[in-house]
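The values are calculated or read from the model by the stated rules, or taken from the named source; none is laboratory data. Quick caveat: nothing in here was measured; it's all calculated off a predicted structure. Cβ atoms come from the backbone with ideal geometry, glycine included; neighbour counts cover every protein chain shown.
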Amino acid sequence: MNADALRGHMDALLLSVLEGEPLHGYAIIEALQARSGGSLSVPTGTVYPALRRLEQAGYLASEWATVGGRRRRTYRLTSSGHRALAGERAAWREFTGVIGSVLDPVGERLGREG
């Protein structure tokens, strides 16, 4: 998928991946790939600055943990992060509804149903 298509949606994607459990950076990248069926390949140079920004905003908290014998910084959602994710999801539903109504006008949808 084109990196430009992700612009503006990275925060929501990262928050969503971290909703279930704390993960370290590389595991976050792997989760994005897995949840997208391999369509999302996000470079580390995009993910780590976004994680730091989300942590500074109070949406994530991090701590050092030993994972697979290596010390890694793991990230988890804070209560503010959960609220931000809910807002991102609502905004995404509104956005896709508006774009969908333009790309697939009601008349065209009704014409195919009949």
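Please tell me if VAL42 is under 14 Å from the mean Cα position of the chain (by Cα), among the hydrophobic types (A, V, I, L, M, F, W, C), at pLDDT 95 or above and closer than 18 Å to GLU88 by Cβ. Spelling it out, it is not the case that VAL42 is under 14 Å from the mean Cα position of the chain (by Cα), among the hydrophobic types (A, V, I, L, M, F, W, C), at pLDDT 95 or above and closer than 18 Å to GLU88 by Cβ. Identify all residues within the stretch 43-95 that are small (Gly, Ala, Ser) and assigned to a loop (DSSP other than H, G, I, E, B); write none if there are none. Listed by number, the residues that qualify are ALA57, GLY58, GLY68, GLY69. Does VAL67 meet the test of being among the β-branched types (Val, Ile, Thr) and either under 21 Å from ARG89 (Cβ atoms) or within 13 Å of the chain's Cα centre (by Cα) (or both)? When the stated conditions are applied, VAL67 does not pass them. Name the residues in the stretch 28-42 that are out of contact with any Phe, Trp or Tyr (no Cβ under 8 Å at 6 or more places or on another chain), assigned to a helix (DSSP H, G or I) and either among the aromatic types (Phe, Trp, Tyr) or crowded, with 19+ Cβ neighbours inside 10 Å (or both), would you? The answer is ILE29, ALA31, LEU32. Just one of the listed residues (GLY100, GLY8) is surrounded by fewer than 18 Cβ atoms within 10 Å (Cβ to Cβ), among the small types (Gly, Ala, Ser) and part of a helix (DSSP H, G or I), namely GLY100.
For the residues GLU94, GLU63, GLU21, GLU88, the requirement of being surrounded by 12 or more Cβ atoms within 10 Å (Cβ to Cβ) and not small (Gly, Ala, Ser) singles out GLU88.
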